[in-house]
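Asks: One structure coming up, written as structure tokens, with questions to follow.
Where a number appears in this text, it was derived from the coordinates with a stated rule and is not lab data. Just so it is clear, the model here is predicted, and its values are computed rather than measured. So basically every Cβ, Gly included, is an ideal-geometry build from the backbone, and we count neighbours across all protein chains shown.
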Amino acid sequence: MGTGMNTSDILICGGGMVGASLGIALSGHGLSVTVLEQSPPRSPNPPSYDDRTLALNWATCNILKSLGVWAHIPQASPIRRVHTREEGRFGSVLLDAREQGFDSFGHVVFARDLGQALLRWLEACTDVTLLQPASLQGLHQDESGVRAEVSMGENSQTWHAPLLVAADGTHSQVRRLLQIPVEEEDYGQVAIISNVSTEKPHEGTAWECLSPQGPFALLPLSDQRCGVVWSVPAAEKQHWLEMEDADFLARLQQRFGYRLGRFTRVGRRASYPLKRVVPLETVWHRTVLIGNAAHAVHPLSAQGFNLGIRDVAVLAETLLQARREQGESWDPGLPSLLQPYRARRLPDHQRILRWTDGMVRLYRQTLPPVGLARQLGLNLIAHLPALQRGILGITMGLLEQDNPLVRGETL
Ligand SMILES: Cc1cc2nc3c(=O)[nH]c(=O)nc-3n(C[C@H](O)[C@H](O)[C@H](O)COP(=O)(O)OP(=O)(O)OC[C@H]3O[C@@H](n4cnc5c(N)ncnc54)[C@H](O)[C@@H]3O)c2cc1C
């Protein structure tokens, strides 16, 4: 049953980590913002906010602080050191945040905790309407905006907005409805994630272990626990999910060794398919794609959300600046506003895509000369501070400091 036409200045499809962050960033500036989220409110298993542990880099922590969300995330564990090595080869790189001039490289949080903090904050924003469960079903574009058909259980609603933001994830419905072509690569791997307790304290060290079988990471958590992200061949997914806890711990111990003593307990395991999905356009007639809808990357190097929230920071800055300059007569969906946004985000997108995809490809190679080159590369990084600073610039989001939120300031 339809209920007439509803209007909003900005319609955000997807209330996951990225969509919710944008709703919060736009709140308090005299705009009407509507967020559509298809999962039911307070669902025990929301799609975006699950058991994963997320490494949030320096820029992301600053953005979340600027948005007022940071203080509401429990158990954020600082990353003070990052240790990277290739399995079965000599040489490793240990980067220490203090030596690089930072208190920490970032923090590790549970996606579930971050999600709860974001949604609570979003619900408190009186100028943002959160429709949930509300699933986008159809789209029609006209000269003045985008008309969205939204299904809400038994009912349906129609919304019209001069700007639609697609924050609906890797399999974006907006992208599908607008027939925006994508470049897609299945890496043939799944990430098995879980949490483990360790005998010795991790002391804030994140461990990244690379190998042609797929990367493996241990992220420091509170209470002497670590988050495990382990990439395995997709064909072995069931085997890894169903094996006994004791077998999983034994395999982990074999892979990681005894630097943290014995692994004593393991939590629930879950798997995620690993794909690179990149649309050929991220701006499309009064529609802008952000977050995973605009770039789904391999979790190696933990860059996905970190990249997506920088879309939020720059889009919010662009929209609010235009609003301040143009007042009530502003139109947030005009190409004159969206194209400069796209041009500003493109280098960051390309850098992170090249970095993650390049690392996956480099470490997939089994040819001995490539292995030797990788070993040499790690040794160079270990000894060349300029190279270390270059890598940290990319992975910590330091290159995007022209945005106030990234610097920890408000808009
Ligand atoms: C194993 C793993 C580990 C990771 N680790 C890290 C890490 O350490 N650091 C990091 O930065 N990133 C990490 N990532 C990446 C990160 O999880 C994603 O980049 C991030 O979740 C993307 O957020 P999003 O809001 O764009 O999309 P999503 O989280 O997918 O949210 C999309 C939302 O849109 C909603 N939606 C979808 N379709 C519709 C519709 N038709 N109508 C209404 N709503 C809709 C969904 O219900 C969902 O809530 C990891 C990813 C994986 C798989």
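Asks: All other residues with a Cβ under 13 Å from the Cβ of VAL146 taken together, and with Lys, Arg as +1 and Asp, Glu as -1, what is their net charge?
Replies: -3
Asks: Still on this structure, I have one more. Once you put a point 7 Å from the Cα of HIS83 and another 7 Å from the Cα of GLU143, both along the Cβ direction, what distance in nm separates them?
Replies: So the label points at HIS83 and GLU143 sit 6.5 nm apart.
Asks: Under 25 Å Cα-Cα from LYS275, which lysines qualify once same-chain neighbours fewer than 8 residues away are excluded?
Replies: LYS237
Asks: In nm, to one decimal, how far is the GLU242 label point from the GLU185 one, both placed 7 Å along Cα→Cβ?
Replies: Taking the simple label geometry, GLU242 and GLU185 are separated by 3.2 nm.
Asks: Find out how many positive minus negative residues lie around CYS61, taking Lys and Arg as positive, Asp and Glu as negative, among other residues whose Cβ is under 13 Å from that of CYS61.
Replies: Neighbour charge sum, excluding CYS61 itself: +2.
Asks: Among the GluC sites (Glu not before Pro) within the stretch 112-155, which fall in a DSSP loop and have no more than 10 other Cβ atoms within 10 Å of their own Cβ?
Replies: Hits after loop and neighbour filter: GLU143, GLU154.
Asks: Summing -39500 (n - 2.57) over the DSSP H runs of n ≥ 4 in the chain and dividing by its residue number, what mean residue ellipticity at 222 nm do you reach, to the nearest 500 deg cm²/dmol?
Replies: -10500 deg cm²/dmol
Asks: Sticking with this structure for a sec: Which stretch or stretches of the stretch 197-216 have amide N atoms under 17 Å from the point lying 7 Å from ARG98's Cα along the Cα→Cβ direction?
Replies: 202-206
Asks: Just report the Cα centroid separation between the stretch 225-290 and the stretch 1-64, whole Å.
Replies: Taking the Cα centre of each part, the stretch 225-290 and the stretch 1-64 sit 25 Å apart.
Asks: What list of ³J(HN,Hα) values in whole Hz, one per residue of the stretch 91-102 in order, does the Karplus curve 6.51 cos²θ - 1.76 cosθ + 1.60 (θ = phi - 60°) give from phi, with Gly and Pro shown as x?
Replies: x, 7, 10, 10, 9, 10, 4, 4, 5, 8, x, 10
Asks: Near the amide H of GLY106, under 5 Å away, which other amide H atoms are found, from residues 5 or more places off or on another chain, if H is placed in the peptide plane?
Replies: The answer is ILE79.
Asks: Something else: Any idea what diffusion coefficient the chain gets from Stokes-Einstein, in µm²/s, Kirkwood Rh on alpha carbon pairs, 4 °C, 1.567 mPa s?
Replies: Approximately 59 µm²/s, per Stokes-Einstein.
Asks: Now for a different question. Starting from the 7 Å offset along Cα-to-Cβ, what nm value, one decimal, do you get for the label separation of ALA343 and LEU380?
Replies: For the pair ALA343/LEU380, the computed spacing is 3.3 nm.
Asks: How big is the C-alpha Rg of the stretch 213-367 next to the rule-of-thumb value 2.2 N^0.38 Å, as a ratio?
Replies: Taking the Cα Rg and dividing by 2.2 N^0.38 Å, one obtains 1.39.
Asks: What residue among PRO299, PRO347, PRO220 shows peak mean-square fluctuation when the chain is described by a Gaussian network model with Cα springs under 10 Å?
Replies: Ranking PRO299, PRO347, PRO220 by mean-square fluctuation puts PRO347 first.
Asks: Set the Förster distance to 22 Å, then compute FRET efficiency between TRP330 and MET5 from the Cβ-Cβ distance, nearest 0.05.
Replies: For TRP330 and MET5, the calculated efficiency is 0.60.
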